[in-house]
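K.L.:
My structure is below; once you've seen it, I'll send some questions.
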Amino acid sequence: MSQQTPQNQVPASQPDSSASAAKYIKVGLLALVILYVLFIIFLNTDEQNINFVFFTVNISLIAILVLMFVIGAIVGYAFAASRKRKSDKQQK
């Protein structure tokens with residue numbers, strides 16, 4: 001007697017091919033992003049003077065980029081949280 005599985009179920013021994021393909025695509029994209037970030041880091045190791053009116057700082061370009069990214073992420077998060085809080089108040 002052969003054992004049959006229902007037509008709408010995949011046997012446990014065979015992984016879903018679309019989920020497997022999606023996983024490989026995500027890993028590949030993540031690898032590309034990591035390589036891109038590494039290229040940015042290695043290409044922006046020069047130092048730059050930043051004048052803050054009362055003092056001057058000599059800092060690498062990558063540190064400036066990371067600092068600007070962090071400031072942008074904080075401002076974006078604060079803006080999104082503010083809009084969510086405002087929409088929650090309007091619904092009440």
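Just so you know, all these numbers are worked out from the coordinates, no wet-lab data involved. Model, not experiment: these values are computed from the prediction. Cβ: placed from backbone, ideal geometry, glycine included. Neighbour counts: every protein chain shown.
K.L.:
Under 5 Å between amide hydrogens, which residues at least 5 positions from Ser60 or on another chain qualify, with H placed 1.01 Å from N in the peptide plane?
P.N.:
HN-HN under 5 Å from Ser60: Gln48.
K.L.:
Then there's this: Just in the range 63-92: which chymotrypsin sites (Phe, Trp or Tyr not before Pro) are loop by DSSP and have at most 12 other Cβ atoms within 10 Å?
P.N.:
When the chymotrypsin sites (Phe, Trp or Tyr not before Pro) of the range 63-92 are filtered for loop state and at most 12 Cβ neighbours within 10 Å, nothing remains.
K.L.:
Computed on alpha carbon atoms, what radius of gyration and Dmax characterise the range 17-91, expressed in Å?
P.N.:
Calculated on Cα positions, Rg and Dmax stand at 19.6, 61 Å.
K.L.:
On full extension of the chain, what length is gained from Ala73 through Phe52, given 0.36 nm per residue of separation minus the C-alpha to C-alpha distance?
P.N.:
So the extension gain works out to 5.3 nm.
K.L.:
Please report the relative contact order for the range 17-91, taking Cα pairs under 8 Å with a sequence separation of at least 6, and give it as a percent rounded to a whole number.
P.N.:
17 percent
K.L.:
HN-Hα J couplings of the range 47-62 from phi, Karplus 6.51/-1.76/1.60, θ = phi - 60°, integer Hz, Gly and Pro as x?
P.N.:
Using θ = phi - 60°, the values come out as 9, 9, 7, 10, 9, 9, 6, 8, 7, 10, 10, 9, 9, 6, 4, 5 Hz.
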